Amino acid sequence: MVSVLALFLTYYLALSEAAFQQQQHGPNQGNIRGSTIHATASSSTLRCATSSADSTGPCSTSFIQWSNSESQPRKEAEKELYRYLYENMMPFDLPNAESLGFHSHPSDKDLPDGLSTGIVEPTISLTLDAKQNYSWTDHVPKDVYFEYVAGYASVNEARNNWRPLLHDTLQDIIQALINDLPLEENVTVEQVATELNQNMWDKFNTKKPIYFHSGQTPLIYDPMSILAFGYASCTGLSIFLIDALRTFGIPARLAGTPAWNGKEENGNHSWIEFFGSDSKWHIMESKPASNGKDEDLFDPCQWWFCNEGRVEGTQFYVARLDRSHASVSFPLAWDPHNDSVSGMDRSQFMEDLCSQC
């Protein structure tokens, strides 16, 4: 217990020191903090999704460019995203809305320039920063971006401020990927997803790379618990990968089945779906759970769970945030009577996808 608390304290102090240095010395090259993007002036180290420049750097900090050619003032986007997150809170979050950073009755009047406290503010800030900074977000529709990038949780895992920590810890992986490509080439969603999944698990202050340990949900499945203990089972590792992808603007969501072949005794499993550069959803599994496989993220047959034998009689689902479009509840194998997480049935999708394998 002492070592776990010490690790949490180490992270807290490190983040506090980073924030202090940011205030004292200004932003580091390529670093994104707060509601304003402090972009480096060198186009070789930052590629912006926005096309218009301002006087402070190559990125326009005043507008968000969406895939339908809509140009939205950033302040309006912040308010719209705030309202969206408020209106789609999961039922068990409602009693803690103020702690999360929501006002009791959100309106334009309730939204000062600083938005609010709690995890909502850094969530909105870094979500929109990623949209402005990274060209691989250009094709993502606003509704998909809001639901599967801005979400601060996937299911009923503990709510914590993971986005700034993952951003600050993993941004060097992203910057190296950008720097290694010729200027005329754009980084793809698949390249970012692969680089993160292959290289992020040993970047944290854990004794060894984060690893798979079966049977940990719901003991260990939120990001901070995973960092404290250094391991998780499939659900926790999937949530961690989802959060890393969302941090850098890639829509991602939790997928899985509560019972293979419709039989609880056959066990359950979780993985993720990400929104690819082809504007389609693709399945993927974390490196610790998949033994490092992700050679071709467009090839579903590389994953051990995608085959005709696994699909037969199995119901598949994805978790979603938007409650107005949810068709079913996402089944929680660790909390089977909890129907508060919105979901979507993906059984036909998986049958079509995996019957070829």
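The values are calculated or read from the model by the stated rules, or taken from the named source; none is laboratory data. This one's a predicted model, so the numbers in the text were calculated from it and none came from an experiment. Neighbour counts are summed over all protein chains in view; Cβ atoms, including those assigned to glycine, are modelled from backbone coordinates with ideal geometry.
Looking only at residues in segment 326-348 that are among the aliphatic types (A, V, I, L, M) and more than 26 Å from L219 (Cβ to Cβ), the one that is surrounded by the most Cβ atoms within 10 Å (Cβ to Cβ) is M344. Taken over segment 261-277, the criterion of being surrounded by 15 or more Cβ atoms within 10 Å (Cβ to Cβ) and of a type outside the set (S, T, N, Q) is satisfied by H269, W271, I272, E273, F274, F275, G276. Inside segment 208-237, residues that are closer than 20 Å to I119 by Cβ and outside any loop (DSSP other than H, G, I, E, B) make up a count of 7. Taken over segment 335-349, the residue count meeting the criterion of being more than 28 Å from Q198 (Cα to Cα) and part of a loop (DSSP other than H, G, I, E, B) is 7.
Pull up segment 301-357, narrow it to residues that are basic (K, R) and under 22 Å from the mean Cα position of the chain (by Cα), then point me to the one that is nearest to G267 (Cα to Cα).
Within segment 301-357, the first condition is being basic (K, R), and the residues that meet it are 310, 320, 323, 346.
After this cut, where a residue has to be under 22 Å from the mean Cα position of the chain (by Cα) as well, the list is 320, 323, 346.
Numbers: R320: 23, R323: 28, R346: 18 Å.
That would be R346.
Taken over segment 135-170, the criterion of being touching a Phe, Trp or Tyr at 6+ places or on another chain (Cβ under 8 Å) and farther than 26 Å from V318 by Cβ is satisfied by T169 alone. Filtered by the rule that a residue be closer than 17 Å to C354 by Cβ, surrounded by 20 or more Cβ atoms within 10 Å (Cβ to Cβ) and of a type outside the set (V, I, T), segment 242-259 gives A255, G256.
Taken together, A130, A150 contain a single residue that is touching a helix residue (DSSP H, G or I) at 6+ places or on another chain (Cβ under 9 Å), of a type in the set (A, V, I, L, M, F, W, C) and outside any loop (DSSP other than H, G, I, E, B), which is A130.
Within segment 83-106, the set of residues being modelled with pLDDT of 95 or more and touching a Lys or Arg at 6+ places or on another chain (Cβ under 6 Å) comprises N88 only.
How many residues does segment 238-253 contain that are in a strand (DSSP E or B) and aromatic (F, W, Y)? If you could, list the steps in order and put the result at the bottom.
Taking segment 238-253 first, the residues in a strand (DSSP E or B) are 252-253.
Then keep just the ones that are aromatic (F, W, Y); that gives none.
Residues that pass the stated criteria total 0.
Can you tell which of S342, S270 is touching a Cys at 6+ places or on another chain (Cβ under 9 Å), under 30 Å from L128 (Cα atoms) and among the polar types (S, T, N, Q)? Selected residue: S270, the only one of S342, S270 that is touching a Cys at 6+ places or on another chain (Cβ under 9 Å), under 30 Å from L128 (Cα atoms) and among the polar types (S, T, N, Q).
Could you please find all residues in segment 337-353 being of a type in the set (A, V, I, L, M), farther than 19 Å from L94 by Cα and out of contact with any Pro (no Cβ under 6 Å at 6 or more places or on another chain)? Walk me through it before giving the result.
Pass one, segment 337-353, residues of a type in the set (A, V, I, L, M): 341, 344, 350, 353.
Checking the rest, the ones that are also farther than 19 Å from L94 by Cα come to 344, 350, 353.
Once the filter is applied, which keeps residues that are of a type in the set (A, V, I, L, M), farther than 19 Å from L94 by Cα and out of contact with any Pro (no Cβ under 6 Å at 6 or more places or on another chain), segment 337-353 yields M344, M350.
Yes or no, residue by residue, for (1) in a helix (DSSP H, G or I); (2) surrounded by fewer than 19 Cβ atoms within 10 Å (Cβ to Cβ); (3) not acidic (D, E):
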residue	(1), (2), (3)
S279	no, yes, yes
H282	no, no, yes
A289	yes, no, yes
D294	no, yes, no
F298	no, yes, yes
F305	no, no, yes
T314	no, no, yes
S324	yes, yes, yes
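Residues in segment 179-236 that are among the charged types (D, E, K, R) and free of Cβ contacts under 8 Å to residues at least 12 places away in the same chain were compared, and the one that is farthest from T247 (Cα to Cα) is E184.
Taking the condition within 25 Å of L181 (Cα to Cα), at pLDDT 50 or above and either of a type in the set (S, T, N, Q) or not in a loop (DSSP other than H, G, I, E, B) (or both), does S60 pass?
Working: within 25 Å of L181 (Cα to Cα): yes; at pLDDT 50 or above: yes; either of a type in the set (S, T, N, Q) or not in a loop (DSSP other than H, G, I, E, B) (or both): yes.
For S60, the condition - within 25 Å of L181 (Cα to Cα), at pLDDT 50 or above and either of a type in the set (S, T, N, Q) or not in a loop (DSSP other than H, G, I, E, B) (or both) - is met.
The lone criterion from (1) at pLDDT below 95; (2) out of contact with any Ser or Thr (no Cβ under 8 Å at 6 or more places or on another chain); (3) surrounded by 14 or more Cβ atoms within 10 Å (Cβ to Cβ) left unmet by E351 is number (1).
In segment 75-102, what residues are touching a strand residue (DSSP E or B) at 6+ places or on another chain (Cβ under 9 Å), under 19 Å from S154 (Cβ atoms) and of a type outside the set (S, T, N, Q)? Once the filter is applied, which keeps residues that are touching a strand residue (DSSP E or B) at 6+ places or on another chain (Cβ under 9 Å), under 19 Å from S154 (Cβ atoms) and of a type outside the set (S, T, N, Q), segment 75-102 yields only M90.
Residues satisfying the criterion are absent from segment 140-158 (criterion: more than 19 Å from I242 (Cβ to Cβ), of a type in the set (D, E) and surrounded by fewer than 20 Cβ atoms within 10 Å (Cβ to Cβ)). Inside segment 288-324, residues that are among the aromatic types (F, W, Y) and more than 20 Å from N261 (Cα to Cα) make up a count of 1.
Within the bounds of segment 160-182, is there any residue that is assigned to a loop (DSSP other than H, G, I, E, B) and closer than 30 Å to M89 by Cβ? Yes, because at least one residue in segment 160-182 is assigned to a loop (DSSP other than H, G, I, E, B) and closer than 30 Å to M89 by Cβ.
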